[in-house]
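One structure, as structure tokens, below. Some questions next.
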Amino acid sequence: LWLDVALLLSVWSAAQFRPSSGRESYRTRRRSMISDREYILQAGAVLWRRKLVILAFTLGGLGLGWWQVQTSPRDYQAEETLIYRFGREYFPVTPGEARRDWGENVIVTLDNALFTEMQLLSARDLFTKTADEIWPIAGRKRGANGMPTSTEALASALSRAFRVTRVQGATMVEVSARNPDPAVADRMVKLQVENYLAKRKALFETDATGLFDG
């Protein structure tokens with residue numbers, strides 16, 4: 001609307017402009033200057049005469065914006081940040097070791113450890129377990145064949161809604177999930193992290209002697 005108003009005023013100003021000539025008297029030029037002072041009132045009168053057109057375009061623009069907002073998909077994002085303090089589980093202390101050498105090798109090992117944690121957070125079995133807890137089979141929608149939506153399909157949709165990223169320069173991982181329902185998005189992140197922590201604990205508590213012996 002204001003761009004249209006600016007264009008209208010500039011055109012009106014150009015129409016009012018008259019090139020001066022040496023033969024024009026001072027009185028003629030002065031009348032032209034006085035008429036320019038009345039320009040704002042004249043422009044206001046023009047806008048008032050075109051009020052229906054301006055109103056129609058304004059309502060049309062507002063209606064188009066409202067329609068776009070209503071038809072656009074809305075997603076809410078829930079986030080959670082995991083901070084890792086890698087201790088003896090990743091870097092066991094050797095008997096008699098006085099201090100830890102935090103050199104390049106340890107930094108590389110930290111990167112590999114975070115990569116492992118991120119892969120574990122995105123494990124397929126975790127998505128399957130989370131999908132079963134969010135959408136129990138008894139409450140699922142049924143398709144055209146009368147069967148409820150499969151857990152695999154829900155797990156696939158869940159994995160596409162998740163995002164696991166590392167915070168650069170820190171041993172931190174951000175987990176986020178998007179869903180049209182904010183409560184569901186928050187529950188997705190919460191259950192996924194809880195299942196991940198349970199699986200992580202079980203892995204660290206597993207005796208790996210038999211694996212290494214094999």
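Just the accessible area per residue of the range 101-214, please: how many Å² with a 1.4 Å probe?
Ligands and nucleic acids excluded, the result is 63 Å² per residue.
For Lys201, Lys141, Lys51, what's the largest-to-smallest order of accessible area, 1.4 Å probe? Don't skip to the answer; put the middle values down first.
On the way: Lys201 125, Lys141 170, Lys51 85 Å².
Ranking Lys201, Lys141, Lys51 by accessible area, largest first, yields Lys141, Lys201, Lys51.
Related question: Between Ala45 and Leu1, what is 0.36 nm times their sequence separation minus the Cα-Cα distance? Round to one decimal in nm.
In short, 14.2 nm is gained.
Given C-alpha coordinates of the range 130-186, what is the ratio Rg to Rh with the Kirkwood estimate of Rh?
1.12
Going from most exposed to least, what order do Val46, Val167 have by accessible area with a 1.4 Å probe?
Val167, Val46
Once Rh for the range 161-214 is found with the Kirkwood sum over Cα pairs, what is the Stokes-Einstein diffusion coefficient at 20 °C and 1.002 mPa s, in µm²/s?
In µm²/s, the coefficient rounds to 159.
Let me ask you something else. Given the protein chains as shown and a 1.4 Å probe, how many square angstrom of Tyr76 are accessible, to the nearest 10?
110 Å²
The values are calculated or read from the model by the stated rules, or taken from the named source; none is laboratory data. Only a predicted model underlies this, so the values are computations on that prediction, with no experimental measurement involved. Calculation scope for accessible area: heavy atoms of the full protein, side chains included, ligands and nucleic acids excluded. Shrake-Rupley method; radii C 1.70, N 1.55, O 1.52, S 1.80 Å.
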